[in-house]
Structure formats: structure tokens, C-alpha cells
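Here the structure comes first, spelled out in C-alpha cells, and everything after it is commentary.
Where a number appears in this text, it was derived from the coordinates with a stated rule and is not lab data. Small disclaimer: the values here were computed from a predicted structure and weren't measured. Virtual Cβ from ideal backbone geometry, glycine too; neighbours counted across all protein chains shown.
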Amino acid sequence: MSHDQTFRIVLIVASLIILPITLYHRLRSQATGEKLDRRQEGFFILITLRPVGLAAALGFIAYMIDPSWMAWSAIHLPLWLRWAGVGLGVIAGGLLFWTLRSLGKNLTDTVVTRREHTLVTSGPYCWVRHPFYDAVALSILANSLAAANWFLAACGALLMALLVVRTRKEEENLLARFGDSYREHMRRTGRFLPRILV
């Protein structure tokens, strides 16, 4: 069995574990049937974020179906670095599950808060304000390394750049909704990395 076939199987197994859990949390959060206005993200984010995410997802799915379909964007990486990507994926999966569990029904795929939204400051949120995006970034890096593929890395980097831009509007909405409570949360935590206490 080739190395690509080995990593293909690893990524398929990981996806079969992560996707049902993520889907469960997504469906649970949408049980209210509440419509969320994605236009609040702004026109630029609205027309770029999801198409870039779709391109990344299609590239990833193509690799899992048959790595030769993505051979045009393959790069040579040492085997140890590809396995490091798998290890990073385990960490990313753990952070994702912890984040989803902490968020509960507050989970959305946009910058809008739900009517029953609560301010989450427990779990990974006691250190960073956007651990979900950290989990996504780690997953992108992990998958790109394991697949040894520059297209997945490039789409992922662009996707993360767009999410970073979008967090500005997201935080404006959270400040408008939670006021001083969110302001205090911002003072105590970093946006993506824990704030170093001096």
C-alpha cells in the first residue's frame, strides 16, 4: 500500500468520527428553526467565504476518494511530517469536540446570535474567544500535511484569513448583545491565542 493510500484511510476514518459529531451539534443548535440573517457578515465575506470553503471541501473529498485526483497539487513532504499532521488532527478534533460541547445551542455558522443566545466563557472559551476557529485552523493544517497537498493548504489559508476578517463583525455583534460582560471577556482572553498574564 502506498503512503497516499495509508493517509487516505486515516483521513477517511477521522472524517467518519468527526462529521457525525459535528452534524449532531449543528442540528441540535438549529432545532429552534430560527432564521439567521447571513447578510450581516457583509457582502465581501458573503460572496467569498462559503465558495472558498466549498473548494477546500471538494479538494479534501477528492483526495479521500482517490489521491491521484489531487496529484496535480501534491508536494513532497517527509513521512514524519505527514504523521505529525495526523497527530495535529487528533489535537484539532479534541479541541473541536470541547468547543462544540461548550457552545451547545449557541452554535451558528454566521456572525448573528440567536434569540436565546448566552455568553459562553467556560471550556476553551475561558482562554480564547474563538476556539472553534482555532480548531478549524489546526484541522486545515493537519489535513494539508497528512495529504501533502498545497491546494488544501492554500484554500485553508484563504478560508482562515476570511474568518479572521469576519470575527471583527462577530465581536461587534457580541458587544452589542452582551455589552460589559463581553467587554470584560475580551479583556481577559485573547482572540485566537490565550492572553499571557503578567
Cα centroid distance between the stretch 154-192 and the stretch 11-37, in Å?
21
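Over all directions, the average projected area of the alpha-carbon convex hull for the chain comes to how many nm²? Mind showing how you got there, number by number?
Values: hull surface 48.4 nm².
Mean projected area for the chain: 12.1 nm², to one decimal.
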Order of LYS105, LYS35 under a 10 Å beta carbon neighbour criterion, fewest first:
LYS35, LYS105
Dipole magnitude of the stretch 1-125, debye to nearest 20 (Cβ charges: Lys/Arg +1, Asp/Glu -1, about Cα centre):
340
Considering only ALA161, ALA153, ALA31, give the residue with the highest GNM mean-square fluctuation for the chain, with springs between Cα atoms whenever their separation is below 10 Å.
ALA31
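Order of 55-64, 17-26, 107-116, 127-136 by packing, highest average Cβ count within 10 Å first?
On the way: 55-64: 18.3, 17-26: 13.1, 107-116: 15.7, 127-136: 20.0.
So the peptides 55-64, 17-26, 107-116, 127-136, ranked by packing, come out 127-136, 55-64, 107-116, 17-26.
Using just the alpha carbons, could you tell me how many Å³ per residue the convex hull of the stretch 67-180 encloses? Could the numbers behind the result be given before it?
Details: hull volume 12.6 nm³, N = 114.
Convex hull volume per residue, Cα atoms: 110 Å³.
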What would the Debye equation give as log₁₀ I(q)/I(0) for the stretch 24-68 at q = 0.19, 0.30 Å⁻¹, counting only Cα atoms as equal point scatterers?
-0.83, -0.94
For the chain, what are the DSSP H helices with axial Cα length of 27 Å or more and mean Kyte-Doolittle hydropathy of at least -1.0?
3-29, 43-65, 79-103, 150-178
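When Lys and Arg each count +1 and Asp and Glu each count -1, what net charge do the other residues less than 15 Å away from THR99, Cβ to Cβ, add up to?
Values: positive: ARG26, ARG28, ARG101, LYS105, ARG129, ARG191; negative: ASP109, ASP134, GLU170.
The answer is +3.
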Can you pull the three principal axis extents for the Cα set of the stretch 1-53, in Å, largest first?
48, 28, 8
Contact order normalised by length for the chain, with contacts defined as Cα pairs under 8 Å and 6 or more residues apart; what percent is it?
30
